[in-house]
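Down below is the structure, laid out as C-alpha cells.
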Amino acid sequence: MPASQRYLGIDPGLTATGWGVIGIKGSKLTHIANGTIVSNARSCLADRLVEIEAGLVQVLAAYAPDAAAVEQAFVARDASAALKLGQARAIALLVAARGGLAVAEYAPNHVKKSVVGAGHADKAQIRLMVEMLLPGSKAGSEHAADALAIAITHAHSGAANERVAAAVARAGAG
C-alpha cells in the first residue's frame, strides 16, 4: 500500500482563513486537524496579512503537510473585496510555496462538485459531506469546513493527476 500523505486545504480570507489537514492512504481519508485564523479587523491591512501568514506558518510547522491546495478567488461583491481576497490568497500561496509544498488551486464550484456532487452546494451541504467523508471530524467554522473540502478535493483530483503524470513518465521511459 502506498505511503500515507498529508494534504493541507486553505480557504483564504482577510477576516477568516480556514485551514484543514487530512491524511490519505490508498483511498482512505482521515481527519488530522482544522481551524480558522482570524485577523484583527481593527488592524491595518499589512498587520492582518502578517497575522494570516504567522498562523499558516504555525500550521505547516505543527502538521507537516506533503502538499497544499488553495481555493481560487470567486467573483467578489466589489473590487475592494476582490483585492483583499486576492491578498489573502497570495499569503496562502506564498506560505505553502516557501514551505516547499506543491500547491494546487481549485475553483469553488469544482470543490463543491468534488465533495457534494453539485457545483452549487451550500455551506451546510459542504459541512455535512465533509463530516461524512472524514468520520469524527468537526469543523470549527464554515471556513475550516471549506478548507477540509479543498483538501478532500486535492486528495481526489490532485492525487489522481499525480498518478497519471507518474504513469505517463513511466510509459515514456519504457
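Being closer than 25 Å to A107 by Cβ and either at pLDDT 95 or above or assigned to a strand (DSSP E or B) (or both) is the filter here; which residues of region 16-32 pass it? Before the answer, list the steps.
Just the residues of region 16-32 that are closer than 25 Å to A107 by Cβ, to begin with: 16-24, 27, 29, 31-32.
Residues satisfying the conditions are A16, T17, G18, W19, G20, V21, I22, G23, I24, L29, H31, I32.
Taking E131 as the residue in question, decide whether it is at pLDDT 95 or above, over 20 Å from S4 (Cβ atoms) and surrounded by fewer than 19 Cβ atoms within 10 Å (Cβ to Cβ).
Values: at pLDDT 95 or above: no; over 20 Å from S4 (Cβ atoms): yes; surrounded by fewer than 19 Cβ atoms within 10 Å (Cβ to Cβ): yes.
Taking the combined requirement at face value, the residue does not satisfy it.
Going by the conditions given, is E51 acidic (D, E), more than 26 Å from E131 (Cα to Cα) and either touching a residue at least 12 places away in the same chain (Cβ under 8 Å) or surrounded by 19 or more Cβ atoms within 10 Å (Cβ to Cβ) (or both)? Walk me through how you get there before you give the answer.
Numbers: acidic (D, E): yes; more than 26 Å from E131 (Cα to Cα): yes; either touching a residue at least 12 places away in the same chain (Cβ under 8 Å) or surrounded by 19 or more Cβ atoms within 10 Å (Cβ to Cβ) (or both): yes.
Criteria met by E51.
Would you mind stating whether S80 is at pLDDT below 95, within 23 Å of Q5 (Cβ to Cβ) and polar (S, T, N, Q)? Full working, then the answer.
Values: at pLDDT below 95: yes; within 23 Å of Q5 (Cβ to Cβ): no; polar (S, T, N, Q): yes.
No; evaluated as a whole, the condition is false for this residue.
What are the residues in region 117-128 that are at pLDDT below 90 and either buried (at least 16 other Cβ atoms within 10 Å of the Cβ) or within 14 Å of the chain's Cα centre (by Cα) (or both), if any?
If the condition is that a residue be at pLDDT below 90 and either buried (at least 16 other Cβ atoms within 10 Å of the Cβ) or within 14 Å of the chain's Cα centre (by Cα) (or both), then A121 is the only one that fits.
Filter region 63-92 down to the residues that are free of Cβ contacts under 8 Å to residues at least 60 places away in the same chain and touching a strand residue (DSSP E or B) at 6+ places or on another chain (Cβ under 6 Å), then identify the one that is nearest to L45 (Cα to Cα).
Looking at residues that are free of Cβ contacts under 8 Å to residues at least 60 places away in the same chain and touching a strand residue (DSSP E or B) at 6+ places or on another chain (Cβ under 6 Å), I get Q72.
Could you name every one of the helices (runs of 4 or more DSSP H) located completely within region 68-135 that has at least 3 residues being touching a Pro at 6+ places or on another chain (Cβ under 6 Å) and either among the acidic types (D, E) or closer than 17 Å to L8 by Cα (or both)? Don't jump to the end; show me each part of the working.
Values: elements: 79-98, 108-115, 123-133.
Helices (runs of 4 or more DSSP H) meeting the threshold: 79-98.
Please indicate, with yes or no, whether at least one residue in region 45-60 is in a loop (DSSP other than H, G, I, E, B) and over 16 Å from P12 (Cβ atoms).
Here is the first cut: in region 45-60, the residues in a loop (DSSP other than H, G, I, E, B) are none.
No, the conditions are met nowhere in region 45-60.
If you take the residues in region 55-75 that are more than 15 Å from A90 (Cβ to Cβ) and among the aliphatic types (A, V, I, L, M), which one is modelled with the lowest pLDDT?
V75
For region 108-139, how many residues are closer than 16 Å to T30 by Cβ and of a type in the set (D, E, K, R)?
So the count comes out to 2.
For I10, are the conditions met, namely being at pLDDT 95 or above and either under 11 Å from the mean Cα position of the chain (by Cα) or of a type outside the set (S, T, N, Q) (or both)?
Values: at pLDDT 95 or above: yes; either under 11 Å from the mean Cα position of the chain (by Cα) or of a type outside the set (S, T, N, Q) (or both): yes.
Spelling it out, I10 is indeed at pLDDT 95 or above and either under 11 Å from the mean Cα position of the chain (by Cα) or of a type outside the set (S, T, N, Q) (or both).
Among the residues of region 140-163 satisfying the criterion of being at pLDDT below 90, among the small types (G, A, S) and closer than 22 Å to K25 by Cβ, which is surrounded by the most Cβ atoms within 10 Å (Cβ to Cβ)?
G158
The values are calculated or read from the model by the stated rules, or taken from the named source; none is laboratory data. Quantities reported herein were computed from a predicted structural model and do not represent experimental measurements. A quick note on method: Cβ atoms are made from the backbone with ideal geometry, for glycine too, and the neighbour counts reach across all protein chains shown.
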